[in-house]
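The structure appears right after this line, and notes come after that.
Read the figures in this text as sums done on the coordinates, not as results from a lab. Keep in mind that what you see is a predicted model, and the values were worked out from it rather than measured. Ideal geometry is used to build each Cβ from the backbone, glycine not excepted, and the neighbour counts take in all protein chains shown.
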Amino acid sequence: MTEFRTIEPKILYFGTPVALISSRNDDGTTNLAPMSSFWALGWTLVLGLLDETKTAENFARHPECVVNVPSPDMWPAVEKLAPLTGKNPVPQIKSKQFRFAPDKFAAAGLSPLASELVSPARIAECPVHMEARVTQLHKMSGERLRQLGGGVAAEVEIIRVHVASEFVLGENYIDPEKWSPLIYNFRHYFRLAEKELGKTFRAER
């Protein structure tokens with residue numbers, strides 16, 4: 001029989017995909033922020049944000065974004081963005097670990113690419129871009145979350161998807177044998193395993 005232990009992990013990321021969120025700053029430039037707290041249902045995504053972030057501020061003022069999905073080999077660029085914030089001055093709750101960076105593209109060595117339906121720029125190096133409109137912002141509660149300054153669940157509707165041609169199968173499918181997202185697993189970066197275990201009964205290809 002399996003033996004269990006009661007523990008208190010600092011985070012509960014049981015292997016989640018990483019996204020880089022583009023949002024519009026008040027001066028019209030694009031802010032970039034790494035995120036590993038999001039999930040999808042159909043063409044709706046829910047993004048988990050801490051209150052004291054430039055992304056949350058930008059969403060409240062300009063409800064558009066791009067959800068850029070990096071490939072596993074982009075993890076060093078993601079990590080360059082991790083300690084940066086677009087807020088100046090840096091909020092006190094983040095001041096010990098974060099520093100202000102006005103141009104996140106330059107800081108991470110990434111290239112902006114114009115979006116088609118929203119104003120924030122896409123990230124050219126990411127193989128997947130999902131342009132989106134922010135439809136609702138939900139205030140999140142919970143004592144441990146309040147200790148981090150509070151949180152927001154941003155509901156976004158995907159309105160256009162761009163995928164690198166090498167990962168497209170047929171007209172509207174992403175080839176799961178070629179594509180692997182960058183995975184954030186308890187503060188470590190991974191890729192998906194190379195071997196498929198099986199497929200759901202709803203798989204069409």
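Pairs of alpha-carbon atoms within less than 8 angstrom and 6+ residues apart define the contacts here; what relative contact order does the range 16-191 have, in percent? Relative contact order comes out at 27 percent. Restricting attention to the chain, close to 95% of DSSP beta bridges with both partner residues there are antiparallel. Please work out the Cα center distance from the range 30-58 to the range 60-86, rounded to the nearest Å. Their Cα centres are 9 Å away from one another. Sequentially through the range 78-95, phi angles give Karplus couplings (6.51, -1.76, 1.60; θ = phi - 60°) of 4, 5, 5, 6, 3, x, 9, 9, x, 8, 9, x, 5, x, 4, 5, 10, 5 Hz, Gly and Pro residues having no value and appearing as x. With R₀ fixed at 35 Å, the C-beta to C-beta distance from R146 to F190 puts the FRET efficiency at about 0.70.
Pick from G151, G170, G109 the residue whose mean-square fluctuation is largest in a GNM of the chain, springs joining Cα atoms under 10 Å. Residue with maximal mean-square fluctuation among G151, G170, G109: G170.
What number in nm² do you get for the range 1-73 if you take the convex hull of its Cα atoms and divide its surface by four?
8.0 nm²
Under a 5 Å amide H cut-off, with hydrogens placed 1.01 Å from N, L182 pairs with V18 among residues at least 5 apart or on other chains. Computed from backbone phi with θ = phi - 60° and the Karplus coefficients 6.51, -1.76 and 1.60, the 3J(HN,Hα) list for the range 140-151 is 9, 10, x, 4, 5, 5, 4, 5, 8, x, x, x Hz; x is used for glycine and proline. The trypsin sites (Lys or Arg not before Pro) of the range 83-173 that meet both conditions, a loop assignment by DSSP and at most 13 other Cβ atoms within 10 Å of the site Cβ, are K96.
Per residue, the convex hull spanned by the Cα atoms of the range 31-141 measures out at 117 cubic angstrom. With helices as the sole contributors, the chain gives -3000 deg cm²/dmol at 222 nm; each DSSP H run of n ≥ 4 counts as -39500 (n - 2.57), and the sum is divided by every residue. For the range 16-191, the number of Lys pairs separated by eight or more positions or lying on different chains, with C-alpha atoms closer than 30 Å, is 20. In the calculated pair-distance distribution of the chain, the portion above 24 angstrom amounts to 43 percent of the Cα-Cα pairs. Under a model in which nothing but the beta-carbon of Lys, Arg (+1) and Asp, Glu (-1) is charged, the range 16-191 shows a dipole of about 720 debye around its Cα centre.
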